[in-house]
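Asker: Could you have a look at this structure, given as structure tokens, before my questions?
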Number of protein chains: 2
Amino acid sequence: MATIGDVAQEAGVSRSTASYALSGKRPISEDVRRRVLEAAEALAYTPNAGARALATAQTKVLGLLARFHEDEFAPAMMQYILGVTNTARDLGYDTLLVTEADGVRALRRITDSRMVDGVVLMNVAQDDARLPVLRAAPQPGALVGLPDDCSGLDVFDLDFEEAGRVMVDHLHRLGHRELILVSQPEHVVERGGAYVWRLRDAALERARQLGVTLHAVYGESRQPAAGRLLNESLDAHPAATGLLINNEAAVAALPTVAHARGLRVPEDLSVIGRHSADFAATFSLPYSFVESAPDRLGSMAVRQLVRRVESPAARKEPYVVRFISPELVSLGSTAHPRPRSS
Amino acid sequence: MATIGDVAQEAGVSRSTASYALSGKRPISEDVRRRVLEAAEALAYTPNAGARALATAQTKVLGLLARFHEDEFAPAMMQYILGVTNTARDLGYDTLLVTEADGVRALRRITDSRMVDGVVLMNVAQDDARLPVLRAAPQPGALVGLPDDCSGLDVFDLDFEEAGRVMVDHLHRLGHRELILVSQPEHVVERGGAYVWRLRDAALERARQLGVTLHAVYGESRQPAAGRLLNESLDAHPAATGLLINNEAAVAALPTVAHARGLRVPEDLSVIGRHSADFAATFSLPYSFVESAPDRLGSMAVRQLVRRVESPAARKEPYVVRFISPELVSLGSTAHPRPRSS
DNA sequence: CGCGATCATCGAACCGGTTCGACAATCAGG
DNA sequence: CCTGATTGTCGAACCGGTTCGATGATCGCG
């Protein structure tokens, strides 16, 4: 493999001149520049990443830490990851994907060893143990997910409060007065998934203001428990005419459950989910939903991260906490209510 | 950040001694070793990855190139990726995930710059343009997916022929004599997804041998086209009693389609899918399936890759083409046939 | 024609590790 | 007690880039 020394020799100049000719950081005469570029081309020269990292203290690599525990919804994770990797590449960065169970150790490894210029943390929990480590690291960091303490880091998340309100408002406007909200299991919340509560609490609050009855239930985000949860909830609240689902697995289970119970959507039951557009498209789910845009969130996090990485000025700016507004995508699964129980 | 020079100074030895004490590559007296280790601990020393890569010509990073075009099924990709990243970490490697559209350029970048010690290529097409680049690269490579030319690379894939035969055999044994096989769209095949044909051809061949009628149809792997395809196929072949589905989107669409047509599974129609166990579990799909194990494939590819990376002897071994055997996971969606059309 | 300013290039040092060969100290054997 | 082998440590070189300061050539100007 050709080094910059080979290129310099081939062009008949010194190594430093070759370097300047390639980087353009100092004026170089036109014919020397041309000779160097031709030599580099001829030798198929590519700078050694390790050497460059050592010299410049920059790796042009971003770290992406994702958690994959029982309750993480893998298809959604894929969207986040694509948002991050594609945006990073557009900005000139590669992405080191770390899925190790021990996130703290993984984070220490990639930051202390200077493998990465910055880090995106996904599935951030309220009291995430990785946060103090990231704050102490020399590289800047961005979060996807809202922790209790946002200091020292840029934070990006869906506006779950607004999502809850949008769902309730929509069905209230159609005339519904009794709703069921299906959330993720409580142990997701206990592990730090406060977003489940943020949506639920905002929905409950809005329902109270509007005089709507809202039954909040929780359940597993795996099958077949998610289907069972739906059945039990519908049994327990026979007068409910609308179903709000903040739980992908439960959305996926609904067609089968509805079929088995002989329920038509939206004639017998209005339904709104909360998930990504990709999820809906891939699985042929004909339910309206409040869109979470995981790829957009990942993309935003990377943009801000790279800003801080590349500009010393940006590194001193105040940290941001930015929410993206949920949008209701209507697929016709909501209508004016008809009493469910005959 | 502490360097090995700081550690050496703190321990009162030379840099080289510190290095040997930490690596154990030369005998070091007990108390010097102890002093060095204590100094490293006290200073929270972590070797600089770039410097180490430069000195050792090893990065301890593997490249993972995944394609995400219209027809790639993102949830399945996630499983592949997890199989790769988790196994890589177990073996001491981090993973650089590249999802760039221009795979050839991406591959050149990460191999020429020596960012990675080896490369796993996913979604390998028959005449994949990345293959010649990878063969010419100094790093070893492993493929997930079977191309026309396997030379110079280790190849891992599901045994799609066997998968096709297993599906046909199973329904034949139950007494079915007319089946429909739903495959992925033809343009997937044109772009190099020969596995679609491998399964189909083996299924057709086995069907012929057994005297079973098999209608092979193709369709989009997106919604709602996948559902439409199912409807059209069932309309076109009313006497078929069994459905084989090598198309995740079509599997996902089936509950809705079956519901709409008033078809009961397995009473009216026996169904076998071809996808991962994770897919079935996540989406509550109560259909028996021939399991493709994406995580296992990714894991196998990495193991072999790392063997070649780490052992010069292994690098000279003949290249392998290894298929994993499909297993039929029964979820009760097959039964003895009853004529569908009354 | 001589002066200083400008421009292009070079040599050397540095980034932070690893590794080779040399050397001093210790040890066992004759 | 001297020798030769063994053990532990050190200094220097190297990996392949980047960058600073210096130097020589060229130029315009008085």
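The values are calculated or read from the model by the stated rules, or taken from the named source; none is laboratory data. Note that the structure is predicted; figures quoted are calculated from it, not measured. Methodologically, a virtual Cβ is constructed for each residue, glycine included, from the backbone with ideal geometry; neighbour enumeration extends over all protein chains shown. Just so you know, the surface numbers come from the protein's heavy atoms only, side chains and all, with ligands and any DNA or RNA stripped out. Shrake-Rupley method; radii C 1.70, N 1.55, O 1.52, S 1.80 Å.
Asker: Looking at chain A, what % of its DSSP beta bridges pair antiparallel, to the nearest 5?
Answerer: Working: 3 of 40 bridges.
Bridges in chain A are about 10 percent antiparallel.
Asker: At a probe size of 1.4 Å, how large is the accessible area of B:D149, to the nearest 10 Å²?
Answerer: For B:D149, the solvent-accessible surface is approximately 80 Å².
Asker: In addition: Give me the distance in nm between label points sitting 7 Å out from Cα along the Cα-to-Cβ direction at B:R228 and A:D102, one decimal.
Answerer: The two pseudo-label positions are separated by 5.3 nm.
Asker: Going toward the positive end of the dipole of chain B, with +1 on Lys and Arg Cβ and -1 on Asp and Glu Cβ, which of B:L229, B:A313, B:G145 do you reach last?
Answerer: The residue sitting farthest along the positive end of the dipole is B:A313.
Asker: Nm distances between the label at A:A2 and the same-position labels in the remaining copies, 7 Å along Cα→Cβ, shortest first?
Answerer: With the label placed 7 Å along Cα→Cβ, A:A2 yields 4.3 nm.
Asker: Explain nothing, just compute: Karplus ³J(HN,Hα) = 6.51 cos²θ - 1.76 cosθ + 1.60, θ = phi - 60°, for every residue of the range A:97-102 in order, whole Hz, x for Gly and Pro.
Answerer: Listing the rounded values in order: 8, 10, 10, 3, 5, 8 Hz.
Asker: Right, another one. Could you please put A:E162, B:E30, B:E248 in sequence from largest to smallest accessible area, using a 1.4 Å probe?
Answerer: Numbers: A:E162 65, B:E30 125, B:E248 20 Å².
Reading off the accessible areas and sorting them downward yields B:E30, A:E162, B:E248.
Asker: Quick check: the angle from helix B:195-210's long axis to the longest principal axis of chain B, C-alpha only, nearest 10 degrees?
Answerer: 40 degrees
Asker: Next up: Could you list which residues have their amide H under 5 Å from that of B:H215, counting only those 5 or more apart in sequence or on another chain, with H placed in the peptide plane?
Answerer: Excluding prolines and chain starts, which carry no amide H, the hits are B:L179, B:I180, B:L181.
Asker: Can you list the aspartates and glutamates whose alpha carbon is less than 14 Å from that of A:K60, not counting same-chain residues fewer than 8 positions off?
Answerer: A:D90, A:D94, A:D117, A:E310
Asker: Please say if the protein assembly as shown is rounded, prolate or oblate, where rounded means a/c under 1.5 for a ≥ b ≥ c the square roots of the C-alpha gyration tensor eigenvalues, and otherwise the choice is prolate for a/b larger than b/c and oblate otherwise?
Answerer: Values: a/c = 2.21, a/b = 1.43, b/c = 1.55.
Verdict is oblate for the protein assembly as shown.
Asker: Averaged over its residues, how many other protein chain Cβ atoms are within 10 Å of peptide A:33-46's Cβ atoms? Walk me through the intermediate numbers first.
Answerer: Details: counts 0, 0, 0, 0, 0, 0, 0, 0, 0, 0, 0, 2, 1, 6.
Mean shielding by partner chains, rounded to a whole number: 1.
Asker: Over the heavy atoms of B:F73, what accessible area does a 1.4 Å probe trace out, to the nearest 10 Å²?
Answerer: 30 Å²
Asker: Now for a separate question. For labels at B:Q9 and B:S325 in the simple 7 Å Cα→Cβ model, what's the distance in nm?
Answerer: In this crude label model, B:Q9 to B:S325 measures out at 6.3 nm.
Asker: Also, quick follow-up: What number comes out for accessible area per residue over chain A if the probe is 1.4 Å? Units Å², please. Please report the intermediate quantities before stating the final value.
Answerer: Numbers: 14080 Å² over 342 residues.
Each residue of chain A exposes 41 Å² on average to a 1.4 Å probe.
Asker: Strictly greater than 19 Å: what percent of every Cα pair in the range B:247-324 meets that? Numbers along the way, then the final one.
Answerer: Working: 1610 of 3003 pairs.
Result: 54 percent of Cα pairs exceed 19 Å.
Asker: Excluding A:E161 itself, calculate the net charge of residues whose Cβ lies under 13 Å from the Cβ of A:E161, where each Lys or Arg counts +1 and each Asp or Glu counts -1. Walk me through the intermediate numbers first.
Answerer: Details: positive: A:R165, A:R198, A:R200, A:R206, A:R274; negative: A:D157, A:D159, A:E162, A:D169, A:D201, A:E205.
Charge balance near A:E161 sits at -1.
Asker: Continuing with the same structure: Taking +1 at the Cβ of each Lys and Arg and -1 at the Cβ of each Asp and Glu, which of A:H215, A:Q58, A:A21 sits farthest along the dipole of the protein assembly as shown towards its positive end, judged by Cα position relative to the Cα centre?
Answerer: Positive-most Cα among the choices belongs to A:A21.
Asker: Using heavy-atom solvent-accessible surface (probe 1.4 Å) with all chains present, what is the largest-first order of B:R200, B:R173?
Answerer: Largest accessible area first, the residues go B:R173, B:R200.
Asker: Please give the calculated 222 nm ellipticity per residue for chain A, where each DSSP H segment of at least 4 residues contributes -39500 (n - 2.57) and the sum is spread over every residue; nearest 500 deg cm²/dmol?
Answerer: Working: 15 runs with 162 residues, N = 342.
Result for chain A: -14500 deg cm²/dmol, rounded to the nearest 500.
Asker: How big is the B-A contact in terms of buried accessible area, both chains counted, 1.4 Å probe, rounded to the nearest 100 Å²? Could the numbers behind the result be given before it?
Answerer: Values: alone 16240 and 16220 Å², together 28180 Å².
Summed over both sides, the interface buries about 4300 Å².
Asker: Tell me, which residues of the range A:88-106 get at least 30 Å² less accessible area when the other protein chains come in, versus the chain alone (1.4 Å probe)?
Answerer: With the partner chains in place, the range A:88-106 has these residues losing at least 30 Å²: A:R89, A:D94, A:T95, A:L96, A:L97, A:T99.
Asker: Okay, moving on. Going by amide H atoms built from the backbone, whose H comes under 5 Å of the H on A:H275, apart from near neighbours?
Answerer: A:V290, A:S292
Asker: Please report, for A:L91, the nm distances (one decimal) from its label point, 7 Å out from Cα along the beta-carbon direction, to the equivalent points in the remaining copies, shortest first.
Answerer: 3.2
Asker: Highest GNM mean-square fluctuation, chain B, Cα pairs closer than 10 Å: which of B:G227, B:G193, B:G262?
Answerer: Result for chain B, Cα springs under 10 Å: B:G262 fluctuates most.
Asker: A follow-up question, please. Carbon and sulfur together cover what percent of the accessible area of the range A:296-336 at a 1.4 Å probe radius? If you can, show how the numbers build up before the last one.
Answerer: Values: 1250 of 2330 Å².
It is 54 percent, rounded to a whole number.
Asker: Can you tell me, using C-alpha contacts under 8 Å and at least 6 residues apart, the relative contact order of chain B as a whole percent? Before the final figure, lay out each step's value.
Answerer: Numbers: 631 pairs, mean separation 61.7, N = 342.
Once normalised by length, the contact order is 18 percent.
Asker: Could you give the dipole magnitude of chain A about its Cα centre, charging the beta-carbon of Lys and Arg +1 and that of Asp and Glu -1, in debye to the nearest 20? Provide the component values of the computation, followed by the final result.
Answerer: Working: 38 positive and 42 negative charges, 128 e Å.
Value, rounded to 20: 620 debye.
Asker: Okay, next question. So how tilted is helix B:294-310 from the main axis of chain B? Cα-based, degrees 0 to 90, rounded to 10.
Answerer: That works out to roughly 30 degrees.
Asker: Hey, another quick one. Applying 1/(1 + (r/R0)^6) with R0 = 56 Å to the Cβ-Cβ distance of A:D31 and B:D149, what FRET efficiency is obtained, to the nearest 0.05? Write out the running numbers ahead of the final one.
Answerer: On the way: r = 44 Å, r/R0 = 0.78.
So, using R0 = 56 Å, E works out to roughly 0.80.
Asker: What nm distance separates the two modelled labels at B:Q58 and B:H259, each placed 7 Å from Cα along Cα→Cβ?
Answerer: Each label point lies 7 Å from its Cα, and together they span 5.5 nm.
Asker: I need to check one value: relative contact order of the range A:4-47, counting alpha carbon pairs closer than 8 Å and at least 6 residues apart, in percent.
Answerer: On the way: 44 pairs, mean separation 18.1, N = 44.
Across the range A:4-47, relative contact order equals 41 percent.
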